[in-house]
Every structure is written in structure tokens, then in C-alpha cells.
Amino acid sequence: MDGVKLHGFWLSPFSHRVVWALKLKGIPFDYIEEDLPNKSALLLQYNPVHKKIPVLVHGSRPVCESMVIIEYLEETWPQCPLLPTDPHERAVVRFWVKFIEEKSPNVWIVYRSVGEEQEKAMRESVEMLSNLEEHGPNKGKKFFGGDGINIMDIAFGGVACWIGAIEEVSGRQIFDAAKFPRLNAWKANFKSSPVIAENLPDREKLREHLARLREKRLSSSTHK
Amino acid sequence: MADGGEVKLLGFWGSPYALRVIWALKLKQVPYDYLEEDLPNNKSSLLLQYNPVHKKVPVLVHHGKPIAESLVILEYIDETWKQSPLLPQDPSERARARFWAKFADEKCMPAMKAVFCSEGEEQQKAVLEARETLKTLESGLEGKLFFGGETINFADVATGYIGFWARIVEEITGTSLIDAESMPSLDAWSKRFLELPIIKECMPPWDKLIELNSGFLKMYLASLK
């Protein structure tokens, strides 16, 4: 079988989602750390549209967009499935993945903004968590995927495992454990799950880096 | 093999997202009952029950089980009714089709909405950005007749609405988004796609679409004052 390479970035939740999927499926791969913002010529060649990581390269074929990559992995390496077999259940999972993709950027807006923009992003972030808490599938189970991790767990993991550092750096509390007991329990299960626990960015390094970037950004931008 | 069991689609005649689900159902010759939602102010209790998170159309209901989000519905339709497959077989090609579907929804449509909802200098800037996204979408065609090559595939069904939506925005705002000179391939594709018999017969009347969206624009501009 053709070799697999992943172009990623240590700080990126999108990069980590793909790493988790590769490791859960036991797919061997070479990891290439991109020196962002110094994008490599290869990255620009493989992802001319977005010029972003992660990019998976299988043989010579690039695949872009983290959740598109994970569907590709699922179809190419069926072992340790990350999607259910039943079409309706698959649709429910994909619905939630889309929901998370659509709403989770708000968490990053909380991180990088202030004032009214940040307030709006806070409201949207909390609403996202409320919807997941109330309507998310597989209530009472360890993961959204039931006993095992699925693509919804992976998608939300890319948010939940970064929220703590974002909260510290921005001084805003998004994820109130008391308000979201179910998600809180999920978070503990997910973060302690072997593959995930071994593949998370160093918390202190993450916090430092995010704090530095935030300060740089806020001091150089103009505010209304 | 066609699956038995009732299929319902909750939609709105003016919604491009509902329309692409209809395209998929028609292409696969899946019989369904269509329920027209009286949007925006009179959503049925069924819609609110079936899509409590977004309260939006389209929602497909199969064997009493609802599915929301049009691209998710397209994947479900393709997996459930195997005739006239939308997604290609090869995983790399499938990833490509999904990539372009996502791109159209996440980049092209919001960029065109920005043109629609702005005026003057801001609109001029928005037009340039929208044209950039459309030029990029064109690159996905790779000079072929359709995203699927000689025939349409998932990406064509998913992105086909961009063609007529651009024309709606152009007509209402007097701007130019897809022009034959700078985007010959995209221009030809959008016309070719909308001329396909199954696609053509599902299109709502043009003047009604213009009237509907002009109305939305008026409401939006009034809400800003």
C-alpha cells in the first residue's frame, strides 16, 4: 500500500483530529510539521485552494479538510470504524459533525477578540454547548460513538481539548462544567482515552503560545 | 435496489438547499411526498419537531426518522438508494467531490450573500471577493464538462445552485459575478447543468425567485435602519 504522510501543525486541533483518526485505525504515517506561518512549497502545492494544514498525502494524492480526510481514511481503511454502519445513524453523526464545524469557530473568535464581537461569540459558543448537551446522541454512553470513539467525538474533541487553554488566555469561561454535566463527563472520558491522551499538545506550551499570539494580535489591531 | 418505505421531504420552494435534495431524489427516481413549509414565519410543528437544533428546511424523513442538513441528506440518499450513484467509487475522487461541495457552501455562497447585503464601495469589495471564490470553484472543474467528468456527480448536485444563485444576485444588485470572459468554464458548466432535463424541470419560476429574494433584501435593509 502507498505510504501516508500528514502535513500538520502542533497547535492545530484540525491537525490533531486527523492524527487521532490515523492512530485509532492503526494506520502508519509520516508526520511533517509545518513551520507556520512559513508554509512549505509542498503544502502550497498540495492545498492550493486553502493553503492550510492538515493535508493528508496518500501515495501522491493529497486530501484536504480534516473531516473530509477522516471520511477518506474511513473508506480506505475500514478497520476500527469511526462511523456506524446504519445509514440513518451515519446521517445523525454527520449532522453533528457539520454542526460542530459550523459553530466551533466561535470559540476561536472568543479567543482572538474583545468587546461586542467577543460577547456575540460567547453567546454562540455557549449555545453550541447547550445544543450538544441537550440533543447530542448516545446519552448515558461514554462517547458520542457509544462505547467507542467516532467521528463526532473526534470533531468535538478538536474543540473541547482546546477550550481550557482558550479560557485561560482570554479570561472568559465558555465551558461551565455545572451547566454542561454530560459534556463534562464526555470530556473526561475523551481526554483520558489512551490514543487521545498520548496525542494532545503540551498544555503549558499551548497556553503560552496562544497568550503570545493573542497579545500580538490585539496590540496591532484597531478596535471600533 | 429501491428501498420501500415512505419518504417525505420538508422544503421551501425558494430554498436552494431543498432544491438540491429534490435533484438527488429525482435523479435516483425515489418517490417522495413533498411538504411545503410556509417560511419564514409559519414553521410547522413537524419541522420544529424534526429539526429542533436549526428549525430549518430541508428535512428528509424516511421510515419516520428525520435527517437534516442538505449535504448530509445527499450522502444518506446516496447510501440508501444505490441506483444512479452520486459519489464516485474511488475514495480519492469522493474526497474531491466532498471538498468542492464544502467549498461552495462555505466560501462561494457567503461571499455572494455579502454582495447581496452591501452597497457602494463595500459591495464593490464584496464582488471582487465573491469572484475570487467563483474562480477557485472553477478550478475544481479542471476544464471538464462537469465535476463528475462527462456526467454529473455529487459535487455537481451539491454545487449546482451556485450557478443560478449568482444570476439572482447579479440581477437584483446589478453586479457581475460569473462572466463568460473571465470564468468561461464555470459559466458554461452552470448553464449546462441547469439545462439538464431533470434539473430544469425542478427549477422554480425565475421571476418568482427574483421577487422572493428582492423581498428578502428589502426586509434585510429595513432591519438595519
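The values are calculated or read from the model by the stated rules, or taken from the named source; none is laboratory data. Treat the numbers as computed from the prediction; the structure is a model and nothing was measured. Neighbour counts run over all protein chains shown; Cβ positions are idealised from the backbone, glycine included.
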Verdict on A:P81 being within 12 Å of chain B (Cβ to nearest Cβ) and either over 30 Å from A:A165 (Cα atoms) or surrounded by fewer than 23 Cβ atoms within 10 Å (Cβ to Cβ) (or both): no
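Suppose we keep only residues that are of a type in the set (S, T, N, Q) and part of a helix (DSSP H, G or I) within region B:174-225. Which one would you say is farthest from B:G11 (Cα to Cα)?
Ranking the qualifying residues of region B:174-225, first place goes to B:S185.
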Checking A:V97 against (1) within 9 Å of chain B (Cβ to nearest Cβ); (2) of a type in the set (V, I, T); (3) touching a strand residue (DSSP E or B) at 6+ places or on another chain (Cβ under 7 Å), only one condition comes out false. Which one? (3)
The number of residues in region A:45-68 that are outside any loop (DSSP other than H, G, I, E, B) and more than 20 Å from B:T136 (Cβ to Cβ) is 3
Going by the conditions given, is B:A18 buried (at least 17 other Cβ atoms within 10 Å of the Cβ), outside any loop (DSSP other than H, G, I, E, B) and more than 14 Å from chain A (Cβ to nearest Cβ)? yes
Given the conditions (1) within 14 Å of chain B (Cβ to nearest Cβ); (2) in contact with a strand residue (DSSP E or B) (Cβ under 6 Å, 6 or more places away or on another chain); (3) of a type outside the set (F, W, Y), every one holds for A:H135 apart from (2)
Quick check on A:V19: is it under 29 Å from B:E69 (Cα atoms), out of contact with any Gly (no Cβ under 9 Å at 6 or more places or on another chain), of a type outside the set (D, E) and in contact (Cβ under 8 Å) with a residue 12 or more places away in the chain? no
Say we look at region B:202-225 and pick out the residues that are loosely packed, with under 11 Cβ neighbours inside 10 Å and modelled with pLDDT of 95 or more; which of these is farthest from the chain's Cα centre (by Cα)? B:D207
Identify the residue in region A:27-61 that is closer than 10 Å to B:A95 by Cβ and surrounded by 21 or more Cβ atoms within 10 Å (Cβ to Cβ) and, among all such residues, is nearest to the other protein chains (Cβ to nearest Cβ). A:H58
Which residue is nearest to A:A155 (Cα to Cα), if the candidates are limited to region A:87-134 and must be without any contact (Cβ under 8 Å) to a residue 24 or more places away in the chain and among the polar types (S, T, N, Q)? A:N106
Is at least one residue of region A:26-40 under 18 Å from B:W100 (Cα atoms) and in contact (Cβ under 8 Å) with a residue 24 or more places away in the chain? no
Every listed condition ((1) in a helix (DSSP H, G or I); (2) of a type in the set (A, V, I, L, M, F, W, C); (3) at the interface with chain A (Cβ under 9 Å from one of its Cβ atoms)) holds for B:I67 save (1)
